[in-house]
Amino acid sequence: MPDDIQHNPQALAELAGKTMYERDPASQALGMTLDAIRPGYARMRMRVRADMLNGHATCHGGFIFMLADSAFAFACNSHNFNTVGAGCTIDYLAPGREGDVLVAEAVEQALSGKTGVYDVTVTNGEGRVLALFRGKSHRVSGMVAEVTT
């Protein structure tokens, strides 16, 4: 990493994403991958496994929520400030099926002071929208990754 990483928003987002993923056993355990990150944006992916199905043989909404919530977390921490979720909503629009590769794309809509708003769209491999998630973030003290100058 260049010495001036703190002045390179993309490099800082990548470092924050790498650091967060390395210490996120929950996302790792579900097989999530961080496919893209940039300031205010993250895209994650997860394959629906048989043990993620509910009694209707569709992906349990909790797993879809977790994928959306993880993408939200990576997007709102991409500025390298420790940031937590303050609230969210999710609307389920279509079911996920076993073997589907779900993609959650989180996009920053607003960032003012310590508060941010992020929209996350979860789609399947065919591009069908399965869920829409909106999260509100709150910045707390500290940095995600230590940056030395």
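Number of residues in segment 107-134 that are surrounded by 12 or more Cβ atoms within 10 Å (Cβ to Cβ) and either among the β-branched types (Val, Ile, Thr) or closer than 25 Å to Asn54 by Cα (or both): the value is 16.
Somewhere in segment 83-92, is a residue buried (at least 21 other Cβ atoms within 10 Å of the Cβ), out of contact with any His (no Cβ under 8 Å at 6 or more places or on another chain), within 25 Å of His138 (Cβ to Cβ) and modelled with pLDDT of 95 or more?
From segment 83-92, those buried (at least 21 other Cβ atoms within 10 Å of the Cβ) are 83; that's our starting set.
Next cut, out of contact with any His (no Cβ under 8 Å at 6 or more places or on another chain) only: none.
Within segment 83-92 (the criterion being buried (at least 21 other Cβ atoms within 10 Å of the Cβ), out of contact with any His (no Cβ under 8 Å at 6 or more places or on another chain), within 25 Å of His138 (Cβ to Cβ) and modelled with pLDDT of 95 or more), the answer is no, since none of the residues qualifies.
Here's the yes/no breakdown for (1) closer than 16 Å to Leu67 by Cβ; (2) surrounded by 12 or more Cβ atoms within 10 Å (Cβ to Cβ):
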position	(1), (2)
Leu12	no, yes
Glu22	no, no
Pro25	yes, no
Leu30	yes, yes
Thr33	yes, yes
Tyr41	yes, yes
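Within segment 94-117, count every residue that is in contact with an Asp or Glu (Cβ under 8 Å, 6 or more places away or on another chain) and over 22 Å from Val129 (Cα atoms). Please lay out each step first, then the result.
Going residue by residue through segment 94-117, those that are in contact with an Asp or Glu (Cβ under 8 Å, 6 or more places away or on another chain) are 103, 106-107, 109, 116-117.
Imposing the further condition that a residue be over 22 Å from Val129 (Cα atoms) reduces the set to 116.
Here the count works out to 1.
With respect to the conditions (1) closer than 19 Å to Gly17 by Cβ; (2) in contact with a Cys (Cβ under 6 Å, 6 or more places away or on another chain), Val48 lacks only one, and its number is (1).
The values are calculated or read from the model by the stated rules, or taken from the named source; none is laboratory data. All of these numbers come straight from a predicted model, not from anything done at the bench. Using ideal geometry, Cβ is built from the backbone for each residue, glycine included, and neighbour counts are taken over all protein chains shown.
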